[in-house]
Amino acid sequence: MSEPIYDLLVIGGGINGAGIARDASGRGAKVLLVEKDDLAAHTSSSSTKLVHGGLRYLEHYEFRLVRESLIERERLLSMAPHIIWPLRFVLPHDKGLRPKWLLRLGLYFYDNLGGRKLLPGTRSVDLRAHPHAQVLQKRLTKGFEYSDCWVQDSRLVALNCLDAKERGADIRTRTQCVGMERGSDTWTATLQSAAGEEKVQAKVVVNAAGPWVDAVLGQAVPAKQHHNLRLVKGSHLIFPKLFEGRHAYIFQNRDNRIVFAIPYEHEFTLVGTTDVAFEGDPKGIDISEDEETYICDALNEYLQVKVSPDQAVSSYAGVRPLYDDKSENNSTVTRDYVFELDDDNGAPPILSIFGGKITTFRKLAEHALEKLGGFGDGSWTADAPLPGGDIDPARFDTFFVDCMTDYGWFGPEGILRLARAYGTRIDRILGRANGLEDLGQHFGGDLYEREVDYLVSHEFATTAEDVLWRRSKLGLHLDAEAQQKLHDWFAARSKAA
């Protein structure tokens, strides 16, 4: 039997690969996406979890990137208001750092560069008033408050892949591309999974392998040298809640970098990030002691309460696969995306993607398909909600109240979590139930078997870690006994299969 032929093979199940698979599938292409681990297992679940314009990029004159990001910020909010929502950031002015006029000028551009419509603009803030007076050090008296958005980053990846699947794409996790051979008309790719080896053919390949993009290029086009990638590690600490309120803080550092302190998962504060040159295997990396100290020192410059690394309840680290623009400072390396298209002498093309950020993934996908050609000239994703996202961004509270009316027996905290995770698809988990007894095994907290079944059947989850840390952040909330129950459930399911 001949190998199946796809119009597009996407290698990499991070946000860029997921966005391209979704866009191409919606244009009628036959798409296969392969990911060697879980969706969003690496960089795309290790972000600061913001959909933002990138205020500090204005200092590096990246006006095109900031404008595109600001436009996309509101588009994404409209596409997925269940997993993306507005967040106000408080930026204190500190003497000896960026002057007040410069901050205000930058925020003026930030408010107006992208045609803001949905989000409130910047205002001045008296830091001597509640609630900031009880949180920030006394020397800080004035600041500014502006808008950006929060995103459940790994769920954004899963929902793009879910939408791609529902439009005909073949999404395969735990499937690695271990060999590529270029023919006259198609690529032949060798795929390795638990089921063994398989060969497929594709007319076009998109290399969205993130930190492994150069390695995939070397596999596909071994005759050429590939050294376009600059790996920059970013790490975060998670503390028990450091301040009350729904706002976040953005703190300036003496090294001209910034650190965010963001309300996280109701009970915690997320703090980050770092910018550290990285070499080696990007899989399974951890925060270093130096990074822990850096983050805590930055917090201690601004907060009244002193923090130390041992107070953190969790941490995570990821590697940003940036395009090497030869900048001397890791913080100033461009976060813009860069394409490298190899189609010498009319050979089947491979498009490799360097850089990018969560906020611009949708536009990146459009530009990638334009670069490749042959996928039609009509973009459709700008106004198409992601699964569960057909909610008015200004009326999420009304949607939540409606969910409480329909499923009040589940409890308000649980309903809020499910409404945020699944939006209008909450009925696919709770809709056929009349009480907790209808939801199957109770693992702990508000996690029941019905939800896990849904994640396995529809969102490509295959392990307890997929559920606890990428389809949700329940790993922060469930105790060891509850997590072990979930591991046992997956083990029993695997044995039965």
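The values are calculated or read from the model by the stated rules, or taken from the named source; none is laboratory data. All values reported here derive from a predicted model rather than from experimental measurement. Quick reminder, even Gly has a Cβ in these numbers, built from the backbone with ideal geometry, and neighbours come from all protein chains shown. Ligands, DNA and RNA are stripped out before the accessible areas are found, and what is left, the full protein with its side chains, is counted by its heavy atoms. Shrake-Rupley method; radii C 1.70, N 1.55, O 1.52, S 1.80 Å.
State which residue pairs qualify: first residue open to solvent by 60 Å² or more (accessible area, probe 1.4 Å) and inside segment 388-404, second residue not in a loop (DSSP other than H, G, I, E, B) in any location, beta carbons under 6 Å apart, and separation of 6 or more residues or different chains.
That search, which allows pairs on different chains as well, returns 390/424.
Considering each residue of segment 457-474, count those that are out of contact with any Lys or Arg (no Cβ under 7 Å at 6 or more places or on another chain) and touching a residue at least 24 places away in the same chain (Cβ under 8 Å), and give that number. Don't jump to the end; show me each part of the working.
Here is the first cut: in segment 457-474, the residues out of contact with any Lys or Arg (no Cβ under 7 Å at 6 or more places or on another chain) are 457-458, 460, 463-470, 472-474.
With touching a residue at least 24 places away in the same chain (Cβ under 8 Å) added as a condition, the list becomes 458, 460, 463-466, 469-470, 472-474.
Of the residues in that region, 11 qualify.
Assuming residue 109 fulfils every condition listed in (1) over 17 Å from residue 58 (Cα atoms); (2) open to solvent by 50 Å² or more (accessible area, probe 1.4 Å) apart from one, which condition is it?
Going through (1) over 17 Å from residue 58 (Cα atoms); (2) open to solvent by 50 Å² or more (accessible area, probe 1.4 Å) one by one, residue 109 breaks only (1).
Among 284, 234, 245, which is at pLDDT below 90 and within 25 Å of the chain's Cα centre (by Cα)? I'd like the intermediate steps shown before the answer.
Details: 234 fails: at pLDDT below 90; 245 fails: at pLDDT below 90.
Checking each option against the conditions leaves just 284.
Given the criteria under 27 Å from residue 77 (Cα atoms), open to solvent by less than 20 Å² (accessible area, probe 1.4 Å), β-branched (Val, Ile, Thr) and assigned to a helix (DSSP H, G or I), does residue 157 qualify? Break it down stepwise before answering.
Numbers: under 27 Å from residue 77 (Cα atoms): yes; open to solvent by less than 20 Å² (accessible area, probe 1.4 Å): yes; β-branched (Val, Ile, Thr): yes; assigned to a helix (DSSP H, G or I): yes.
Considered against the rule, which asks whether it is under 27 Å from residue 77 (Cα atoms), open to solvent by less than 20 Å² (accessible area, probe 1.4 Å), β-branched (Val, Ile, Thr) and assigned to a helix (DSSP H, G or I), residue 157 comes out as yes.
Mind telling me which of the residues 210, 179 ends up being surrounded by fewer than 17 Cβ atoms within 10 Å (Cβ to Cβ), within 28 Å of residue 343 (Cα to Cα) and in contact (Cβ under 8 Å) with a residue 40 or more places away in the chain?
Values: 210 fails: surrounded by fewer than 17 Cβ atoms within 10 Å (Cβ to Cβ).
Result: 179 is the single residue among 210, 179 that is surrounded by fewer than 17 Cβ atoms within 10 Å (Cβ to Cβ), within 28 Å of residue 343 (Cα to Cα) and in contact (Cβ under 8 Å) with a residue 40 or more places away in the chain.
Quickly run through segment 85-111 and pick out the residues that are under 14 Å from residue 53 (Cα atoms) and not small (Gly, Ala, Ser). Give the steps one after another, and end with the answer.
Taking segment 85-111 first, the residues under 14 Å from residue 53 (Cα atoms) are 86-89, 106-111.
Passing the criteria: 86, 87, 88, 89, 107, 108, 109, 110, 111.
Pick out the one residue from 58, 65, 39 that is closer than 30 Å to residue 258 by Cα and assigned to a loop (DSSP other than H, G, I, E, B).
Numbers: 58 fails: assigned to a loop (DSSP other than H, G, I, E, B); 65 fails: assigned to a loop (DSSP other than H, G, I, E, B).
Being closer than 30 Å to residue 258 by Cα and assigned to a loop (DSSP other than H, G, I, E, B) holds for just one of 58, 65, 39, which is 39.
Go through the residues of segment 77-97 one by one and say whether even a single one is among the basic types (Lys, Arg) and surrounded by fewer than 19 Cβ atoms within 10 Å (Cβ to Cβ).
Filtering segment 77-97 down to residues among the basic types (Lys, Arg) leaves 88, 95.
Now drop any that are not surrounded by fewer than 19 Cβ atoms within 10 Å (Cβ to Cβ), which leaves 88, 95.
Checked segment 77-97: at least one residue is among the basic types (Lys, Arg) and surrounded by fewer than 19 Cβ atoms within 10 Å (Cβ to Cβ).
Pick out the one residue from 22, 88, 75 that is in contact with a strand residue (DSSP E or B) (Cβ under 8 Å, 6 or more places away or on another chain), modelled with pLDDT of 95 or more and either in a loop (DSSP other than H, G, I, E, B) or of a type in the set (D, E, K, R) (or both). Even if it seems obvious, please write down each step before you answer.
Working: 22 fails: in contact with a strand residue (DSSP E or B) (Cβ under 8 Å, 6 or more places away or on another chain); 75 fails: in contact with a strand residue (DSSP E or B) (Cβ under 8 Å, 6 or more places away or on another chain).
That would be 88, the only listed residue that is in contact with a strand residue (DSSP E or B) (Cβ under 8 Å, 6 or more places away or on another chain), modelled with pLDDT of 95 or more and either in a loop (DSSP other than H, G, I, E, B) or of a type in the set (D, E, K, R) (or both).
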